[in-house]
Amino acid sequence: DVDEEAGECLVPRLLLQPLVENAIRHGADPLERAVSLTVRASIRTGRLEIDVVDDGAGAAAVDWTSEGIGLVTLRRRLLALYGDRASVQVTTAPGAGFSVHVRIPAA
């Protein structure tokens with residue numbers, strides 16, 4: 001679900017791929033039921049806002065100090081590219097899915 005204006009924006013390479021891959025690997029694979037995955041993008045107050053949301057397995061928490069290659073690396077890359085103009089927020093709980101909200105300057 002991408003707004004027309006958001007669809008024209010440039011994003012860093014491999015921004016979405018690890019988020020979608022994580023949703024499949026960690027959200028859907030452990031379950032024996034269908035899992036929904038939604039990707040949304042819109043422009044708000046001059047920023048591109050991207051949401052990747054699943055209703056899969058969820059997690060107890062996110063370890064932002066880990067050396068993992070998914071969320072931690074994405075967050076570090078965005079902070080290096082945009083500084084405090086970028087943010088990555090995660091909402092999750094066991095059995096309640098996983099939601100990642102990314103904000104970067106619209107370009």
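Could you count how many residues in segment 63-98 are assigned to a helix (DSSP H, G or I), farther than 15 Å from Arg13 by Cα and either open to solvent by 80 Å² or more (accessible area, probe 1.4 Å) or not small (Gly, Ala, Ser) (or both)?
Result for segment 63-98: 3.
Working only within segment 63-101, note down all residues that are over 26 Å from Arg33 (Cα atoms) and in contact with a helix residue (DSSP H, G or I) (Cβ under 7 Å, 6 or more places away or on another chain).
Selection gives Trp64, Ser66, Leu74, Ala86, Val88.
Pick from segment 11-44 the residues that are among the small types (Gly, Ala, Ser) and either assigned to a loop (DSSP other than H, G, I, E, B) or farther than 22 Å from Ala61 by Cα (or both): which of them is most open to solvent (accessible area, probe 1.4 Å)?
That would be Ala34.
On the basis of being on the phi < 0 side of the Ramachandran plot and touching a residue at least 40 places away in the same chain (Cβ under 8 Å), does Leu15 make the cut?
Numbers: on the phi < 0 side of the Ramachandran plot: yes; touching a residue at least 40 places away in the same chain (Cβ under 8 Å): yes.
So Leu15 fits the description; yes.
The values are calculated or read from the model by the stated rules, or taken from the named source; none is laboratory data. The model shown is predicted, which means the values in this text are computed figures rather than measured ones. Don't worry about glycine lacking a Cβ; one is built from the backbone with ideal geometry, like all the others, and counts go over all protein chains shown. Just the protein is used for accessible areas: all its heavy atoms, side chains included, with ligands, DNA and RNA removed. Shrake-Rupley method; radii C 1.70, N 1.55, O 1.52, S 1.80 Å.
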